[in-house]
Ligand SMILES: Nc1nc2c(ncn2[C@@H]2O[C@H](COP(=O)(O)OP(=O)(O)O)[C@@H](O)[C@H]2O)c(=O)[nH]1
Ligand SMILES: [Mg+2]
């Protein structure tokens with residue numbers, strides 16, 4: 001999906017009840033005052049050049065820093081960004097809140113550190129416009145490139161994580177890249193069923209998408225590890241392991257004959 005392509009002319013028109021937006025980009029953010037501004041500028045400027053109505057929405061879990069002020073300041077400058085609060089803690093809870101309250105035709109999330117570049121939106125958009133319901137950025141599928149790698153402990157943890165989650169996530173090569181988009185109408189019933197609120201939520205999303213028979217596709221990204229990760233290897237690692245165990249115990253059942261069409 002590297003070539004640039006024009007979107008279908010009916011974009012944003014012709015729906016039974018027209019969505020308020022074509023695309024909404026949810027940015028889960030917790031204490032992101034240092035990383036958020038550059039991300040919102042890059043994403044905001046990028047979507048303003050696209051031939052559709054797109055907006056950014058920061059979902060903030062009561063950050064103790066100036067995360068919300070940062071987004072408000074950029075909105076005052078004219079960037080298409082709003083902030084929504086979210087009482088339940090965790091990245092998964094924040095993304096679920098964003099998707100469940102979205103009124104856009106397509107919605108998805110992008111991490112506040114912009115480890116995946118804004119241009120990946122074009123690839124995601126082309127796939128959504130082709131009719132895919134779940135569009136997953138991957139650092140591991142052919143043609144993907146990792147410019148700066150994560151630390152060795154993080155990579156080792158990631159390797160174990162992939163082995164442990166494969167039975168749930170199915171053929172997806174990279175569950176944890178913070179960049180996934182959905183046809184909102186297909187994603188909202190899925191997110192209503194979500195249980196995980198932490199970093200494991202990506203795996204649950206993919207498992208539920210398989211169970212619901214949603215068409216899922218991966219696309220390669222150029223990815224750059226960023227300083228300032230909010231993931232703490234020991235505490236979040238332990239929590240993620242516990243959440244994974246719970247996910248296995250309540251594993252969503254796959255509907256026979258409904259595996260993802262793309263993989
Ligand atoms: N709203 C919200 N966002 C979170 C929370 N924890 C992490 N995030 C966001 O999740 C995204 C990914 O986090 P990051 O620190 O980059 O994790 P890493 O890429 O896995 O090292 C960032 O946008 C974080 O701000 C949380 O508790 N609430
Ligand atoms: Mg990150």
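The values are calculated or read from the model by the stated rules, or taken from the named source; none is laboratory data. The structure displayed is predicted, hence computed values, not measured ones. When we count neighbours, we look across all protein chains shown, and the Cβ atoms used for this are built from the backbone with ideal geometry, even at glycine.
Laid out as a table, the results:
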item: Hey, residue 101 surrounded by fewer than 18 Cβ atoms within 10 Å (Cβ to Cβ), within 17 Å of the chain's Cα centre (by Cα), farther than 21 Å from residue 208 by Cα and touching a residue at least 12 places away in the same chain (Cβ under 8 Å) or not; result: no
item: Per-region count, region 80-98, residues buried (at least 20 other Cβ atoms within 10 Å of the Cβ), within 24 Å of residue 19 (Cα to Cα) and in contact with a strand residue (DSSP E or B) (Cβ under 8 Å, 6 or more places away or on another chain); result: 6
item: Of all residues making up region 207-225, the number that are surrounded by 24 or more Cβ atoms within 10 Å (Cβ to Cβ) and within 16 Å of ligand 1 (Cβ to nearest atom); result: 2
item: Residue within region 160-182 that is within 16 Å of ligand 1 (Cβ to nearest atom), over 21 Å from residue 99 (Cα atoms), at pLDDT below 95 and assigned to a strand (DSSP E or B) present; result: no
item: Residue count, region 95-139 (criterion: away from ligand 2 (no atom under 16 Å from the Cβ) and either farther than 14 Å from residue 181 by Cα or assigned to a loop (DSSP other than H, G, I, E, B) (or both)); result: 9
item: The lone exception for residue 202 - which of (1) under 26 Å from residue 34 (Cα atoms); (2) more than 16 Å from ligand 2 (Cβ to nearest atom) it fails; result: (2)
item: Out of 80, 88, sole residue that is away from ligand 2 (no atom under 16 Å from the Cβ) and at pLDDT below 95; result: 88
item: Selection from region 23-35 of residues that are surrounded by fewer than 24 Cβ atoms within 10 Å (Cβ to Cβ) and in contact (Cβ under 8 Å) with a residue 40 or more places away in the chain; result: 30, 31, 34, 35
item: Hey, residue 155 free of Cβ contacts under 8 Å to residues at least 24 places away in the same chain, loosely packed, with under 14 Cβ neighbours inside 10 Å and assigned to a helix (DSSP H, G or I) or not; result: yes
item: Verdict on residue 71 being at pLDDT 95 or above and crowded, with 23+ Cβ neighbours inside 10 Å; result: yes
item: Qualifying residue in region 212-226 (condition: modelled with pLDDT under 95, within 27 Å of residue 21 (Cα to Cα), in a loop (DSSP other than H, G, I, E, B) and in contact with a strand residue (DSSP E or B) (Cβ under 8 Å, 6 or more places away or on another chain)); result: no
